[in-house]
Amino acid sequence: MEFLELKNLTKIYQKDILAIDKIDLKIKDGEFLVLLGPSGCGKTTTMRMIAGLEDVTEGEIFIEGKLVNNLQPRERGVSMIFQSYAIWPHMTVFNNIAYALKIKKMSKEKINETVKKVAKMSNIEEYLNRYPSQLSGGQQQRVAVARAMAVDPKLFLMDEPLSNLDAKLRVSMRTDLKEMHKRSGATTIFVTHDQSEAMSLADRIVIMNTGTIEQIGTPNEIYHDSKTMFVADFIGSPSTNFVDVKIISKDNKLFAKNDAFELPIDDKFNDKLHGYIDKDVVFGFRPENLVLSSDEEKLFDIDVVLVEPQGSHSVIVGRLLSKQIKIVSDEVRDMKNIKTLPIKSNGIYFIFDKETEKRIC
Amino acid sequence: MKNKYKKWFPYFLLTPALLYYVLFWIRPVLRAFFESMTDYDGSFSLMFFSKVINESMFTAALRNSLLFALISVMLQFTVAFMMALLLNKKFKGSNLLLFVALIPMAVPPAAVAILWKTGFSTFGWINNLLITLNLIKEPILWMTAKGYNALLFLILIDTWTVLPSVMIILLAGLQNLNKEYEEAGLIFGASRFQIIKDIIMPILKPTIITAVILRMIAAMQVWMISVMMFGYGRVPFLVERIAYYTDMVPMLKESYKMSLTYSVVVTTIVMISVMIYLRVNKKKEKEVRI
């Protein structure tokens, strides 16, 4: 059975602003699920409805098969890490962690024991008597994690918990969170707009856009098998290069043709592309799937605009038919004397319907 | 040279304000202390303090002032805090409610007294309203209220007047509060009441202290509504006595010194009460920390 299920979940603000549009989602017990999307896509609203901090306009939320729509947050068995951490400034670290336990009327010894345990797990044992203002951002983050763990929740909710940390700390904290999840095994929903965070943490990623779910899948599925142009564009850095082409048929062989090139299409796609002959479609090339080539084998030339060195590789920014193209290469380090580069496809590409922006193959 | 200039420049900028304070604040205050502690001929004497204390109205004025301050501050804080909590929730009509709640702030004290005086007169609008609603048969003689009833009356009128100013301070504090503190409380199992008691009030403490101290000082100095409603001497307050001596009987030989002595007494009481309040708060804070 699913641990958490969202059915037809809808949120409308102020009568006419549609924040969440009929989403369905099932989450397995112990799963680490990441809600990923640009700001305003409804990911935080979805999480807040699951937590009970936001009313549900329509649809149902089930936790372990039980309808929780009308339950108070504290009756849902959830625990949350907030974006601002929201650790209470007038309480010591100890009291912050112990507060929920005190409300539950846990015995003093049991509280002490629990607080010590989670403080040790979160590496904040020596700060228990300090106030939040005396701690660094990373330490405050750990307090928020410890507080959330202390109540031993069935479901962890994390609302962009790493976004206020500096880049280096963010990476190390996310490893810690992942480890913690492995140890505790609690089902976790994690909201972020940072794709690398999502990719490295998630069992499955839910990509959201303007209140709807674009795609649900493992990090690899999301990247290598993007179902829509939005996903192909949003996931990956640099993002997918989109090129407008027309499908043409010559001697039973299909080609993608535009003013710059004519690319033979693998025969295995023939069935799917059958209805698209002589129509415009969009080709999506991931940056690593456009490779440098010799002049003989090249598909097209790009005018190099600039080269961004990244150390292990470089990002080459070029132009094709006055549209920007980004490719990655470990051969070109800088753009000394480079005006144009011959490029070919390595045979991996997405083809999208121009109207629906859905993937054809 | 340049350093010297830099060092003195701030003081130079402060001079006008400083001059103002010395002339119009420090000088009169020192003067008041001096006058209250000397005889007519200028020799040191506590005669006027004993005169003030032995005056027939003094005990009543002191009792009224303290009671007024204590009850009105508690009442105003409680009601204002509840109103602020309510108005802080965004709901339909909350802006209109805020607007209505702020109206009394725009009415000057003299107008307030007139408003209520006409209301509470035997054939005023309050009696009219009560009779129309069939709640009473005969008009109530409000204005003949004496002693504690009259004091309670004044407390209610004062509360009506100053509630918005207390509320607006608390509301400003609430609006600055990170909403996630409250939400964390909800998630981690606190009830509405526990959230207010354990989370909102302690975090809002600096704002609360400011609001309460401002009210305490103002409440100790109440006089005008009493005089406007009941005239001098009916419900005496400490500052009402000052006004009495400077306004009603300025020609008496002792009036000048009596009013200054009262001023010194009021100032001292206000300072002591504020100090006690701050001390109590600090002590509580220490207890919480342990």
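Values quoted throughout were computed directly from the atomic coordinates according to the rules given, and no laboratory measurement underlies them. Keep in mind the model is a prediction, meaning the values are calculated, not measured. Backbone-built Cβ (ideal geometry, glycine too); neighbour counts: all protein chains shown.
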Segment B:1-91: relative contact order in percent, alpha carbon pairs under 8 Å with at least 6 residues between = 9 percent
Cα-only Debye scattering, segment B:161-290: base-10 log of I(q)/I(0) at q = 0.11, 0.15, 0.16, 0.21 Å⁻¹ | -0.59, -0.85, -0.91, -1.21
Given charges at beta-carbon only (K, R positive; D, E negative), |dipole| of chain A in Debye | 1540 debye
For segment B:181-253, what are the per-bin percents of Cα-Cα distances with bins 10 Å wide, up to the bin holding the maximum?
-> 17, 26, 17, 15, 14, 8, 2
Write down the radius of gyration of chain A and its Dmax, each obtained from C-alpha positions, in Å.
-> 24.8, 82
What the Cα atoms of segment A:50-207 span along the principal axes, largest first and in whole Å, is 44, 39, 27
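What Kirkwood radius, in Å to one decimal, follows from the Cα pairs of segment A:241-353? Don't skip to the end; give the middle numbers.
Working: mean 1/r = 0.0677 Å⁻¹.
Evaluated over segment A:241-353, this radius sits at 14.8 Å.
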Environment charge at A:Gln310 (Cβ cut-off 13 Å; Lys +1, Arg +1, Asp -1, Glu -1) = -2
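Kirkwood hydrodynamic radius for the protein assembly as shown: how many Å is it when counted over pairs of different Cα atoms?
Details: mean 1/r = 0.0314 Å⁻¹.
Its Kirkwood hydrodynamic radius stands at 31.9 Å.
Report the FRET efficiency, 1/(1 + (r/R0)^6), for B:Lys179 and A:Ser163, where r is their Cβ-Cβ distance and R0 is 25 Å, rounded to 0.05.
On the way: r = 17 Å, r/R0 = 0.67.
For R0 = 25 Å, the calculated efficiency reads 0.90.
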Around A:Ile338: net Lys/Arg minus Asp/Glu count, Cβ-Cβ under 12 Å = -1
What is the sum of charges around A:Val115, taking Lys and Arg as +1, Asp and Glu as -1, for the other residues whose C-beta is under 10 Å from the C-beta of A:Val115?
-> +3
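Report the far tail of the P(r) of segment B:9-121, meaning the percent of Cα-Cα pairs longer than 17 Å. Provide the component values of the computation, followed by the final result.
Details: 4988 of 6328 pairs.
The proportion of pairs with Cα distances above 17 Å equals 79 percent.
For the pair B:Ala111 and B:Ile53, what calculated FRET efficiency results from E = 1/(1 + (r/R0)^6), where r is the Cβ-Cβ distance and R0 = 35 Å, to the nearest 0.05?
On the way: r = 35 Å, r/R0 = 1.00.
Step by step, r from the Cβ atoms, then E = 0.50.
Would you list the membrane-span-like helices of chain B, meaning whole DSSP H runs whose alpha-carbon atoms span at least 18 Å along their axis and whose mean Kyte-Doolittle value is at least 0.0?
Correct list, ordered by number: B:58-88, B:147-176, B:205-220, B:255-289.
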Overall Cα dimensions of segment B:57-289 - principal axes, largest extent first, Å | 66, 49, 26
In percent, what relative contact order does segment B:57-289 have, based on Cα pairs under 8 Å that are 6 or more apart in sequence?
-> 28 percent
Scattering profile of segment B:219-283 from the Debye formula, Cα beads only, expressed as log10 I(q)/I(0) at q = 0.11, 0.26 Å⁻¹, is -0.32, -1.05
Anyone know which of B:Leu14, B:Leu75, B:Leu115 comes out most mobile in the 10 Å Cα GNM of chain B?
-> B:Leu14
Might you report the magnitude of the Cβ-based charge dipole of the protein assembly as shown about its Cα centre, with Lys and Arg at +1 and Asp and Glu at -1, to the nearest 20 debye?
-> 3000 debye
With each pseudo-label sitting 7 Å past Cα toward Cβ, what's the B:Asp247-B:Tyr5 distance in nm, one decimal?
-> 5.3 nm
Cα-Cα P(r), segment A:146-196, percent of pairs per 10 Å interval | 22, 58, 20, 0
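Return the calculated 222 nm mean residue ellipticity for the protein assembly as shown, to the nearest 500 deg cm²/dmol, obtained by summing -39500 (n - 2.57) across DSSP H runs with n ≥ 4 and dividing by the residue count.
Details: 22 runs with 290 residues, N = 651.
About -14000 deg cm²/dmol.
How large is the Kirkwood hydrodynamic radius of segment A:250-292, counting all unique pairs of alpha carbons, in Å? Mind showing how you got there, number by number?
On the way: mean 1/r = 0.0850 Å⁻¹.
Evaluated on segment A:250-292, it is 11.8 Å.
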Against the longest alpha carbon principal axis of chain A, how many degrees, from 0 to 90 and to the nearest 10, is the axis of helix A:167-184 turned?
-> 60 degrees
